[in-house]
Amino acid sequence: MTQDQYILAIDQGTTSSRAIVFDTSGNIKATAQQEFKQIYPQSGWVEHDPEDIWSTTLAVSQKAIEVAEKEGGVAGENGGKSVGEGGGESGDENDEGSGGKVVAIGITNQRETTIVWDKKSGQPIYNAIVWQDRRTAEVCQQLKTQQLETKIQKKTGLLLDPYFSATKISWILDNVEGAREKAEAGELAFGTVDSFLLSRLTGGLVHATDATNASRTSLYNINSGEWDEELLNIFNVPHSLLPTVNDCAANFGVSDKKYFGREIPILGIAGDQQAAAIGQACFDKGDTKSTYGTGCFALMNIGKDPVTSSKRLLTTIAYQLKGETTYALEGSIFIAGAAVQWLRDELQMIQSAEETESIASSLDDTKGVYLVPAFTGLGAPYWEPDARGALVGLSRGSGRAEIIRATLESVCYQTHDLMEAMAADASLPTRLKVDGGMVANNWVMQYLSDILNVEIDRPKVTETTALGVAFLAGLQAGIYSSLDELRQTWQSEKRFLPSMAEEHRAEKIKGWERAVTNVLRGCSNIDKAP
């Protein structure tokens, strides 16, 4: 590989489209980001205009390539040049005129979000229905009543929920005039966001996706590696709508010359959480990553054999390379960084998240105070949507600092619950790789290590989602020779080792379990308590 080769990673997210150009060592050479409009037609409905997704993606991709190849530095929030900003992760200020060239494109995307478009014109027939959308909850409940969830879980690794794509597709076909007839006639195409962007980038020539995104539709059999006819019948989706499913590193086509002044091969695709796991080099069985943003997504590599979770975790495809599939368990925590936002915005206890590190460090403990941040219910392993948050253990001596520290601790305790659920299905990881905005807090990372009793690794490049698809595209391009080489490219910025006495750790976890029990008792679900 040569240093003058760059890779463009398109990171199309829920609220913004981003583009990051990496060099072959995994360093960021340029970034660009642009937000787009969120559409809420009714309560519980969330949509995006597919043309907004496309236009912002194209704009940031063009700007990032321009900056990386010609000027060095960073493109700003709205596509304007902002050379040398971005705090060390956006490239070296002295890279101007470095002469690197983008030789491959990778795409990572918000998963499950559903788009249906006309095959001839390429025009969407309805807005993108976003993964957060709940409009098909009643349909999912009807399918549960028909005792179909177990069958669907065995085939797909997923639970019956509006979160996934299948019921969204069917809703569009049933609610857009003439759509089902056109679908039956083979005139329409379905795709998750990666597939839609791929179609646009290639001038409508390619209708494909990768195995990770296919595995999030509820239509793809993760055991046989194909679209499942029985699932298509259950969800009433014609086969003709579906894209070809490729490996995550594959020849997906080339970009139309009009977009970047030349054709650039598109060589890697993965859904965002899987891409983050790849960016964290989670290539061995038991390797686990946890992303701390508003909430938290954890993925554990479980190897070549899928495991049906006994704790209602999701079984999903981690990645597929050279026709060989590697699987993962996935679990989510609803509230992580959002709890710190609550301290700042609603309680006004802090002015910035950065303050919490020194405040937490100033205390020996919380004096028995626990926060259970069930503001939108509890995720794995409790799965209680009706649970609500609670501060427990308050005394006359409890104050602002104790509540702030309890908030940070709650993220660590919830991760412990999630890791215990994964251990019940597979094994307990000996090391956890972390990313996301919250991992900048050293106190939280140390406490996380103490409570989990495992090593915590924070990477040098925290843009792991984009880095993951850059890795995939680089593999296909021959820039990287193997997963072993990617392991060597991944670099740890800081490692946290457990130092808490086992007796003290057990006492802290027991207090947390009592707090959760109180919350579950309050919503009449004591049977789900630890």
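The values are calculated or read from the model by the stated rules, or taken from the named source; none is laboratory data. Treat the numbers as computed from the prediction; the structure is a model and nothing was measured. Note that we place each Cβ from the backbone using ideal geometry, even for glycine, and neighbour counts take in every protein chain shown. Heavy atoms of the whole protein, side chains included, go into the accessibility calculation; ligands, DNA and RNA do not. Shrake-Rupley method; radii C 1.70, N 1.55, O 1.52, S 1.80 Å.
For (1) out of contact with any Ser or Thr (no Cβ under 9 Å at 6 or more places or on another chain); (2) aliphatic (A, V, I, L, M); (3) closer than 30 Å to residue 57 by Cβ, each residue gets a yes or a no:
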residue: 132; (1), (2), (3): no, no, yes
residue: 136; (1), (2), (3): no, no, yes
residue: 146; (1), (2), (3): yes, no, no
residue: 155; (1), (2), (3): no, no, no
residue: 175; (1), (2), (3): yes, no, yes
residue: 179; (1), (2), (3): yes, yes, yes
residue: 184; (1), (2), (3): no, no, no
residue: 188; (1), (2), (3): no, yes, yes
residue: 195; (1), (2), (3): no, no, yes
Criterion violated by residue 420 - all others in (1) closer than 20 Å to residue 297 by Cα; (2) among the charged types (D, E, K, R); (3) touching a Lys or Arg at 6+ places or on another chain (Cβ under 6 Å) satisfied = (3)
In the stretch 298-324, what residues are closer than 25 Å to residue 150 by Cβ and over 19 Å from the mean Cα position of the chain (by Cα)?
-> 303, 304, 305, 306, 307, 308, 309, 310, 311
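For every residue, the table says whether it meets (1) of a type outside the set (A, V, I, L, M, F, W, C); (2) at pLDDT below 90.
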position: 296; (1), (2): no, yes
position: 309; (1), (2): yes, yes
position: 345; (1), (2): yes, yes
position: 368; (1), (2): yes, no
Considering every residue within the stretch 89-110, establish whether at least one is at pLDDT below 90, within 27 Å of the chain's Cα centre (by Cα), open to solvent by less than 40 Å² (accessible area, probe 1.4 Å) and over 30 Å from residue 159 (Cα atoms).
-> yes
Of all strands (runs of 3 or more DSSP E) fully inside the stretch 197-294, the set with 2 or more residues that are out of contact with any helix residue (DSSP H, G or I) (no Cβ under 6 Å at 6 or more places or on another chain), under 30 Å from residue 487 (Cα atoms) and among the polar types (S, T, N, Q) is 244-246, 288-292
Residues (among the polar types (S, T, N, Q) and either touching a His at 6+ places or on another chain (Cβ under 8 Å) or open to solvent by 40 Å² or more (accessible area, probe 1.4 Å) (or both)) located in the stretch 261-317 = 294, 308, 310
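If we scan the stretch 144-151, do we find a residue that is under 23 Å from the mean Cα position of the chain (by Cα), open to solvent by less than 70 Å² (accessible area, probe 1.4 Å) and within 29 Å of residue 310 (Cα to Cα)?
No, because not a single residue in the stretch 144-151 is under 23 Å from the mean Cα position of the chain (by Cα), open to solvent by less than 70 Å² (accessible area, probe 1.4 Å) and within 29 Å of residue 310 (Cα to Cα).
Does residue 465 satisfy the condition of being polar (S, T, N, Q), part of a helix (DSSP H, G or I) and in contact with a helix residue (DSSP H, G or I) (Cβ under 6 Å, 6 or more places away or on another chain)?
yes
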Members of the stretch 404-424 found to be farther than 16 Å from residue 290 by Cβ and either in a loop (DSSP other than H, G, I, E, B) or open to solvent by 20 Å² or more (accessible area, probe 1.4 Å) (or both), listed by number | 424
Residues in the stretch 469-476: is at least one in contact with a Lys or Arg (Cβ under 8 Å, 6 or more places away or on another chain), outside any loop (DSSP other than H, G, I, E, B), surrounded by 21 or more Cβ atoms within 10 Å (Cβ to Cβ) and among the β-branched types (Val, Ile, Thr)?
-> no
Under 8 Å by Cβ, and 6 or more places apart or on different chains, what pairs join a residue from the stretch 40-55 that is farther than 12 Å from residue 134 by Cα with one that is part of a helix (DSSP H, G or I) and open to solvent by less than 30 Å² (accessible area, probe 1.4 Å)?
-> 50/196; 53/193; 53/196; 53/197; 54/196; 54/197
Select from the stretch 44-57 the residues that are in contact with a Lys or Arg (Cβ under 9 Å, 6 or more places away or on another chain) and open to solvent by 30 Å² or more (accessible area, probe 1.4 Å) and write down the one among them that is farthest from residue 16 (Cα to Cα).
-> 44
Taking into account only those residues within the stretch 482-509 that are assigned to a loop (DSSP other than H, G, I, E, B) and either among the charged types (D, E, K, R) or at pLDDT 90 or above (or both), which is farthest from residue 417 (Cα to Cα)?
-> 482
Residue 342 fails exactly one of the following numbered conditions: (1) assigned to a loop (DSSP other than H, G, I, E, B); (2) surrounded by fewer than 24 Cβ atoms within 10 Å (Cβ to Cβ). What is the number of that condition?
-> (1)
Filtered residues of the stretch 217-248 (kept if farther than 20 Å from residue 111 by Cα and of a type in the set (Val, Ile, Thr)) | 234
Positions within the stretch 425-438 being open to solvent by less than 60 Å² (accessible area, probe 1.4 Å) and either among the hydrophobic types (A, V, I, L, M, F, W, C) or assigned to a helix (DSSP H, G or I) (or both), in sequence order = 425, 426, 432, 434, 438
Residues of the stretch 186-196 satisfying the condition of being among the aliphatic types (A, V, I, L, M) and part of a helix (DSSP H, G or I) = 193
